[in-house]
1. With the requirement that a residue be part of a strand (DSSP E or B) and surrounded by 14 or more Cβ atoms within 10 Å (Cβ to Cβ), what does segment 22-32 give you?
2. If you go through segment 33-58 one residue at a time, how many are free of Cβ contacts under 8 Å to residues at least 40 places away in the same chain, part of a strand (DSSP E or B) and loosely packed, with under 13 Cβ neighbours inside 10 Å?
3. Among 34, 3, 61, which is the only one that is touching a strand residue (DSSP E or B) at 6+ places or on another chain (Cβ under 6 Å) and at pLDDT below 95?
4. Here are the criteria: (1) in a loop (DSSP other than H, G, I, E, B); (2) at negative phi. Tell me which single one residue 62 does not satisfy.
5. Within segment 8-21, work out how many residues are in a loop (DSSP other than H, G, I, E, B) and surrounded by 13 or more Cβ atoms within 10 Å (Cβ to Cβ).
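The values are calculated or read from the model by the stated rules, or taken from the named source; none is laboratory data. Note that this is a predicted model, so its numbers are computed, not measured. Positions of Cβ are generated from backbone atoms using ideal geometry, with glycine treated the same way; all protein chains shown enter the neighbour counts.
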């Protein structure tokens, strides 16, 4: 949060992927997109515990939505 919009300094999102019953889903490929000119890897793969870190950079100041 509040990283400099220099295209290099990143914010890191930590996400946990689960099924409808709350069970962690490891080894899953997740598609990622971002708005407001932010840059993210197009896909990430979850760890065995269902978690993944997503690095977000931007050269545009302001809020960006990551989905």
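1. Here is the first cut: in segment 22-32, the residues part of a strand (DSSP E or B) are 24, 29-31.
Once the filter is applied, which keeps residues that are part of a strand (DSSP E or B) and surrounded by 14 or more Cβ atoms within 10 Å (Cβ to Cβ), segment 22-32 yields 24, 30.
2. 2
3. On the way: 34 fails: at pLDDT below 95; 61 fails: touching a strand residue (DSSP E or B) at 6+ places or on another chain (Cβ under 6 Å).
Going through 34, 3, 61 in turn, just one is touching a strand residue (DSSP E or B) at 6+ places or on another chain (Cβ under 6 Å) and at pLDDT below 95: 3.
4. Every listed condition holds for residue 62 apart from (2).
5. 2
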